[in-house]
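To start, the structure under review is shown below, and the notes come after it.
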Amino acid sequence: MNNSHEVTLENHVHRDDVGARMGMWLFLFTEVLLFGGMFLVYAVYRFQNQEQFKLAALELNTGIGTLNTIILLTSSLTVALSIAAIQNKNKFLSIVFLNSTLLLALMFMVNKYFEWSTKFAHGIYPGSKELLEKPNGQILFYGLYYVMTGLHGLHVLIGMIILYIIKRQIKKDIITPDKYVKLENSGLYWHLVDLIWIFLFPLFYLIQ
Amino acid sequence: MANTIAENYLHQSTNKYKGILSWLLTTDHKKIGLLYFVSILFFFLVGAIIGLLMRLELIAPGRTIMGPQTYNTLFTLHGVIMIFLFIVPGLPAIFGNFFLPIQIGARDVAFPRLNLLSWYVYMVGAILALVSLFLPGGPIDTGWTFYIPYSIRTNTNVSLAIFAAFVLGFSSILTGINFITTVHRLRAPGMTFFKMPLFVWATYATAWIQIIATPVIGITILLVIIERAFGVGIFDPALGGDPILYQHLFWIYSHPAVYIMILPAMGVVSEIIPTFSRRTIFGYKAIAMSSLAIAFIGYLVWAHHMFTSGMSDTARWVFSLLTFIVALPSGVKIFNWVATMYKGSIDPQPPFLWVMSFIFLFSIGGLTGLVLGSLATDIHVHDTYFVVAHFHYVMFGGTGTIFFGALHYWFPKMFGKMYNIKLSKIAVALFFIGFNMLYFPKFILGYMGMPRRYYDYLPQFEPLQKVSTVGSWILVGTIFFIVGYFIHALIKGKKATSNPWGGVTLEWHIPSPPIQENFEVIPTITHKPYDFSQLKEMKNE
Ligand code: HEM
Ligand SMILES: [Cu+2]
């Protein structure tokens with residue numbers, strides 16, 4: 001990687017925040033399409049097994065789901081505030097808000113952990129005997145549940161790693177009040193993670 | 001332009017290293033293009049040798065040099081290599097990387113480091129694919145389409161191999177994002193969208209397909225891997241999953257992917273024809289817009305691969321109709337190219353000859369595509385050699401031919417060396433003969449009922465199978481011959497001038513090979529892209 005202060009002719013530094021944001025939006029677009037494929041699969045199987053999907057959904061814990069929705073929405077707010085803070089040249093506040101985002105994300109994952117492990121304890125996981133005895137529609141529901149929320153959880157994890165790195169960069173003044181497009185882009189990513197959950201939540205927890 | 005500047009990108013470095021590290025850590029789009037070039041060429045040759053081996057097996061009925069299982073793994077590998085490692089990344093990653101920034105008057109792509117990363121991601125994908133061959137379980141044997149339910153039942157290393165395809169898709173997405181942003185942000189002053197060369201338009205349209213279609217195959221592949229690992233049921237018919245749904249998801253990517261393969265090739269054709277006809281392109285806007293039209297309609301035809309797999313009749317005729325409609329923008333291009341040559345002063349140099357070969361082969365491929373797109377005939381020839389012949393004519397005869405066309409066109413610019421024109425003219429002819437000998441019999445065999453993916457066949461197919469095998473020797477021989485004279489040109493070739501063909505797009509305004517920054521001063525664009533009145537001024541430069 002280049003040493004950024006070694007600006008020679010070969011090493012011309014080219015900066016384009018609009019371009020960087022455009023690239024990020026395009027990337028988010030591909031993420032939407034990735035989950036779009038999953039939503040398509042969900043739609044097809046829900047259409048084919050309407051009754052079974054309803055029955056299976058009854059067993060999910062709407063309480064935890066709701067809690068997690070609130071947590072994730074709040075974390076989206078704190079990321080936005082962190083960007084606002086750096087725009088107002090308040091490095092300290094920006095870091096505080098990023099820390100709260102990370103904390104909320106962690107809470108989300110902990111809830112998820114407890115939710116999944118209770119399901120596991122009841123013997124409901126892919127390939128388990130209990131699950132295989134149920135009708136196909138319910139197997140599919142849980143298959144989709146684990147895959148889609150799992151994939152989403154993976155995105156939360158990746159988001160956490162990214163936000164952590166960003167936080168370090170703010171501390172080290174790599175991201176500054178006049179050069180914060182990386183923070184903005186990570187914020188965008190985090191909003192996407194949030195947005196996808198907003199769709200997952202009703203599809204699995206609310207349609208009962 | 002002073003040709004005394006010894007400095008060019010081949011000897012300059014974007015980092016503090018010299019030698020190999022100046023390549024492996026480079027952020028120069030031209031060097032990255034060459035990294036892709038070497039790796040993609042390598043895999044193409046591997047794929048070609050596998051093809052040769054398959055043809056050798058098919059020289060006589062019964063077992064010849066390999067058993068059925070080996071044949072299964074070979075056609076799978078051949079398909080995976082040719083599709084995911086050669087033809088999909090081929091033109092955009094090599095020539096797009098090298099020439100897209102130059103043709104719009106930029107110094108580099110929008111995200112140079114991301115560009116290098118996508119090469120590494122490509123290599124990781126390729127290495128994973130190789131590793132999957134040698135792990136216990138054996139190489140994947142599903143065919144390049146990885147159809148359910150066989151792909152979740154077979155014990156071969158499916159998961160790792162398709163994960164490799166997932167990784168390669170990621171590389172393709174990163175390149176796509178990079179190119180779109182580059183075109184939007186880095187055009188030189190005066191370079192409006194409608195002054196961009198058509199290769200840029202084509203690569204731009206391709207980049208959109210790359211980012212819109214690839215995630216769908218990504219998720220589909222992940223689902224197959226998850227299915228194999230955990231048995232969640234999403235694709236397992238025993239648990240309620242739907243194999244037909246898999247086919248839909250697969251083709252929602254893989255049909256648009258054929259436009260990822262062909263559009264950049266069409267872009268190159270739109271560059272070569274004006275240059276060697278000394279005439280501006282006929283119907284510039286129509287060609288540019290037809291790329292976008294193909295990109296768009298190309299999304300809506302995927303189910304023509306599934307006419308026999310179980311769909312409603314309504315769905316069938318709708319998809320058939322849409323398939324016919326997508327032929328229109330392709331036709332627009334062909335007619336515009338031919339019209340460009342009308343009253344031009346044609347100079348039949350090697351790149352132009354490759355293009356002629358392309359128009360012939362691609363037209364056969366395209367027209368037989370209509371045979372496959374019609375419901376009644378498709379039922380008869382589905383999954384036969386007719387299909388094998390068709391896709392080799394479009395992919396290999398189309399994009400593959402233009403891969404060589406582009407190489408012959410831009411080689412002097414890329415390396416500053418000229419190859420042997422006479423030998424290369426012979427190569428075009430040999431390639432054309434070998435190609436048709438290899439694949440044309442397959443149309444007839446398919447029509448007679450020879451199924452694809454079989455290592456054995458009935459005795460009545462023998463004569464045509466033999467012709468086909470001999471064709472493969474000529475074709476693969478020619479390919480190595482071409483590689484040979486290019487290597488020779490690299491070492492001993494004459495120095496190429498900055499504009500050996502008399503082209504007028506921006507890459508011909510700069511020295512061969514270009515300097516690392518491409519332009520000493522960013523040019524201001526006043527001319528249309530194929531305005532040959534510039535040639536006089538250029539001579540005085
Ligand atoms: C270089 C010379 C080539 C030869 C000798 C060759 C030969 C073959 C043969 C014999 C088959 C198997 C037919 C069957 O049994 O069904 C095949 C399949 C295939 N080829 Fe080629 N081919 C060549 C180049 C290419 C290129 C350049 C591409 C792509 C651009 C390509 C793409 C494919 C694909 C996708 C399949 C289908 C694999 C499958 O059934 O899963 N081939 N080829
Ligand atoms: Cu298709």
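A few comments on the model shown:
- Residue selected from the range B:358-383 under the condition surrounded by fewer than 20 Cβ atoms within 10 Å (Cβ to Cβ) and hydroxyl-bearing (Ser, Thr, Tyr), by the criterion nearest to B:Phe440 (Cα to Cα): B:Ser363
- Every residue from the range B:300-327 that is of a type in the set (Ser, Thr, Tyr) and either on the phi > 0 side of the Ramachandran plot or within 11 Å of ligand 2 (Cβ to nearest atom) (or both): B:Thr323
- Count of residues meeting criterion [loosely packed, with under 13 Cβ neighbours inside 10 Å and aliphatic (A, V, I, L, M)] in the range B:300-314: 0
- Matching entry among B:Ile65, B:Ile40 (being farther than 30 Å from B:Thr526 by Cα and open to solvent by 30 Å² or more (accessible area, probe 1.4 Å)): B:Ile65
- Looking only at residues in the range B:455-504 that are among the polar types (S, T, N, Q) and open to solvent by 50 Å² or more (accessible area, probe 1.4 Å), the one that is farthest from B:Tyr71 (Cα to Cα) is B:Thr497.
- Residue list for the range A:149-172, restricted to those being of a type outside the set (Lys, Arg), more than 14 Å from chain B (Cβ to nearest Cβ) and touching a residue at least 40 places away in the same chain (Cβ under 8 Å): A:Val156, A:Leu157, A:Gly159, A:Met160, A:Leu163, A:Tyr164, A:Ile166, A:Ile170
- For the range B:194-234, taking the residues that are part of a loop (DSSP other than H, G, I, E, B) and within 9 Å of chain A (Cβ to nearest Cβ), the one that is surrounded by the most Cβ atoms within 10 Å (Cβ to Cβ) is identified as B:Ile234.
- Among the numbered conditions (1) out of contact with any Ser or Thr (no Cβ under 9 Å at 6 or more places or on another chain); (2) crowded, with 20+ Cβ neighbours inside 10 Å; (3) among the hydroxyl-bearing types (Ser, Thr, Tyr), the only one that B:Ser118 does not meet is (1).
- Of all residues in the range B:331-342, one or more are open to solvent by 20 Å² or more (accessible area, probe 1.4 Å), more than 29 Å from B:Val387 (Cα to Cα), over 21 Å from the mean Cα position of the chain (by Cα) and of a type outside the set (Phe, Trp, Tyr).
- Condition met for A:Glu31 (more than 8 Å from chain B (Cβ to nearest Cβ), open to solvent by 10 Å² or more (accessible area, probe 1.4 Å) and touching a residue at least 40 places away in the same chain (Cβ under 8 Å)): no
- Residue count for the range B:239-265 under the criterion of being more than 16 Å from ligand 1 (Cβ to nearest atom), in contact (Cβ under 8 Å) with a residue 60 or more places away in the chain and at the interface with another protein chain (Cβ under 10 Å from one of its Cβ atoms): the result is 2.
- None of B:Arg113, B:Arg63, B:Arg55 is in contact (Cβ under 8 Å) with a residue 60 or more places away in the chain and more than 25 Å from the chain's Cα centre (by Cα) except B:Arg63.
The values are calculated or read from the model by the stated rules, or taken from the named source; none is laboratory data. Since the model is a prediction, treat every value here as computed from it, not as a measurement. Glycine also receives a Cβ, built like all others from the backbone with ideal geometry; neighbour counts cover every protein chain displayed. Protein only, heavy atoms only, side chains kept; ligands, DNA and RNA dropped before computing areas. Shrake-Rupley method; radii C 1.70, N 1.55, O 1.52, S 1.80 Å.
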